[in-house]
Amino acid sequence: MIYNLTVLDGITKIEVDFSDEGVNLQGETFIKGGEDEAENYVHIFEEDLRYNFADLFPKPEPEGDMMV
């Protein structure tokens, strides 16, 4: 995931892009505060997008023989 922060007047815009993972998904949100607050929120926003758009992300292959 690649992200970009744009600090505006009292708010910060967070833009994320998952194309580096081969996933066509981009998102943006705004939070109150500066760069430090945005840095702390990026991982939460990322997790929300991954959860909400789970069907876009490849599923890990099961390891070993699952049959007993």
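The figures follow:
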| read-out | value |
| --- | --- |
| Relative contact order [Cα under 8 Å, 6+ residues apart], the chain, whole percent | 24 |
| Additional length obtainable on full extension of the chain from Glu61 to Val42, 0.36 nm per residue less Cα span | 4.1 nm |
| Cα convex hull volume per residue for the chain (Å³) | 103 |
| Nitroxide proxy distance, nm - points 7 Å out along Cα→Cβ at Leu8 and Asn52 | 1.7 |
| Degrees between helix 35-52 axis and first principal axis of the chain (Cα, 0 to 90, nearest 10) | 30 |
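Read-outs: derived from the displayed coordinates by stated rules, not from any lab. On a predicted model such as this, the values are computed, not experimentally measured, just so you know. As a convention, Cβ positions derive from the backbone with ideal geometry for all residues, glycine included, and neighbour counts pool all protein chains shown.
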